[in-house]
Structures are given as C-alpha cells and as structure tokens.
Amino acid sequence: MSTVPAVQDDDKNIDPRVIAVFQDIRETRGSDFINNFWRYIAFDPALLERTWGEVKDVMATPSELDPMVKEMIYAAVSIANSCTYCIHSHTAAARAKGMTDAQYADFLRVVSLAAKTNHIVNGLQIPVDPEFDQDAGR
C-alpha cells in the first residue's frame, strides 16, 4: 500500500502543473494511459515535473541507444535494485518496442550472469586491471 494517494484526472483540487505534465506524458507517448508511477508522485507537483523532465530527456529523446535497449537497461537496473514496479513497467515497454521472448531470455541470462560475477568480484575484492581503468593511463 502506498504512503500517498494517487492523483486522478477528476480530482477537484488537481494542481495545474500536474495537468500539464499528464498532458505532456500523453502527447509524448501517444497514449491516454497515465501509469501509477506518475499518478502517485503527482502528490508533489515539483517532483512530478522534475522526474518527468528527466525521464523524457533520457528515455523519450532519440539518442545513440535504441529505445528497446534503453528499456532493457532500465529493466536490468530495476532487477538489481529489486524494484518490482519498474521491472514490470520497463519489461512491458521493451516488449512494446519489439523485444522478443528469445531476446528477453537472453537478457535474463546476461543479467543473472552479471549478478553472479559481480558477487564473486565483490566477495573476493579483486583489483581492477590497469587495462580496464581508463584513468590509469592519464
């Protein structure tokens, strides 16, 4: 259960900044759907504005990374951080952007292997090879 209520479009005291962000989300995504993440953080309009601005800039603006790859990276970080909500939402977004079942299975193999080897390296405190340390040669 959330610690704050979700903001609904028909709330009597909805802040105009929330209305504006919700409209921008709809326009940017080409959908009328506003997911719970945005509805719950809208309890603080400034937080909603800042967070949407960052998400729009990184996730919805064309860049060097393919949109599906961005969603897969976001899902991987969400797995590492045990964020169930984000695992579900970004896996769904990756699927919507073309991720196949075979790609998802491969993705999970990579995430699982990375977690395993990270634990081994952290447990053993293995030093970084100078060849991998970009700052070492400077």
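The values are calculated or read from the model by the stated rules, or taken from the named source; none is laboratory data. Computed from a predicted model, the values in this text were never measured in an experiment. Glycine also receives a Cβ, built like all others from the backbone with ideal geometry; neighbour counts cover every protein chain displayed.
Could you please find all residues in segment 22-32 being within 19 Å of C86 (Cβ to Cβ) and either surrounded by 16 or more Cβ atoms within 10 Å (Cβ to Cβ) or touching a helix residue (DSSP H, G or I) at 6+ places or on another chain (Cβ under 8 Å) (or both)?
Taking segment 22-32 and keeping what is within 19 Å of C86 (Cβ to Cβ), we get 25, 28-29, 31.
Result: I25, T28.
Annotation note: of L108, L124, L65, the sole residue that is within 25 Å of R29 (Cα to Cα), at pLDDT 95 or above and not acidic (D, E) is L65. Determine the pairs where a residue that is farther than 14 Å from E27 by Cα, located within segment 46-61, has a partner that is not in a helix (DSSP H, G or I) with Cβ atoms under 9 Å apart, the partner being 6 or more residues away or on another chain. Here the result reads L48/V7; L48/D15; L48/A42, each pair linking segment 46-61 to a residue that is not in a helix (DSSP H, G or I). Of everything listed in (1) in a helix (DSSP H, G or I); (2) farther than 26 Å from M59 by Cα; (3) of a type in the set (V, I, T), the single unmet condition for V110 is (2).
Return the residue satisfying two criteria in turn: it lies in segment 51-85 and is among the aliphatic types (A, V, I, L, M) and not in a helix (DSSP H, G or I), and of such residues it is farthest from the chain's Cα centre (by Cα). Working first, answer last.
The first filter runs over segment 51-85 and keeps only residues among the aliphatic types (A, V, I, L, M), leaving 55, 58-60, 65, 68-69, 72-73, 75-77, 79-80.
Now narrow it down to the ones that are not in a helix (DSSP H, G or I): 60, 65.
Working: A60: 11, L65: 14 Å.
Here the residue is L65.
Given the structure, is T117 in a helix (DSSP H, G or I), more than 30 Å from I14 (Cα to Cα), of a type in the set (S, T, Y) and out of contact with any helix residue (DSSP H, G or I) (no Cβ under 9 Å at 6 or more places or on another chain)? For T117, the condition - in a helix (DSSP H, G or I), more than 30 Å from I14 (Cα to Cα), of a type in the set (S, T, Y) and out of contact with any helix residue (DSSP H, G or I) (no Cβ under 9 Å at 6 or more places or on another chain) - is met.
Is it fair to say A94 is within 30 Å of G30 (Cβ to Cβ), touching an Asp or Glu at 6+ places or on another chain (Cβ under 7 Å) and either small (G, A, S) or assigned by TED's automatic domain parsing to the domain that holds S2 (or both)?
Answer is yes for this residue.
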